[in-house]
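Data block below; observations after.
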Amino acid sequence: MDKFVGYNDVCQMIGRAMLNLIQYEQAVSPESVILMLESYIQVEPDRMTRDACLLAIDALKGNL
């Protein structure tokens, strides 16, 4: 059965990025969250997680 990326997956990735920024005492802004999501894409082996990151980036840029 194929897995699909849903709204919840996108929200989880944005939340994960925001929490990591807070943990490292970095400013949380749409731009910084996008940079964090882009870094996840580079290191994440799971395709579904990478797809969720891409959709989250599109949402933050207002492309959805």
| request: Among the residues of region 1-25, write down those that are charged (D, E, K, R) and within 14 Å of Ala56 (Cβ to Cβ). | output: Asp9, Arg16
| request: Output the residue which, of all residues in region 39-64 that are touching a helix residue (DSSP H, G or I) at 6+ places or on another chain (Cβ under 7 Å) and not in a helix (DSSP H, G or I), is surrounded by the most Cβ atoms within 10 Å (Cβ to Cβ). | output: Glu44
| query | Taking the stated definitions as given, is Val10 buried (at least 18 other Cβ atoms within 10 Å of the Cβ), hydrophobic (A, V, I, L, M, F, W, C) and not in a loop (DSSP other than H, G, I, E, B)? | reply | yes
| request: Go through region 20-49 and give me each residue that's under 11 Å from the mean Cα position of the chain (by Cα) and aliphatic (A, V, I, L, M). | output: Val33, Ile34, Leu35, Met36, Leu37, Ile41
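FYI, it's all coordinate maths here, none of it is from the lab. Predicted model only: the values in this text are computed from it and were never measured. Cβ coordinates were reconstructed from backbone atoms using ideal geometry, including for glycine residues, and neighbour counts include every protein chain displayed.
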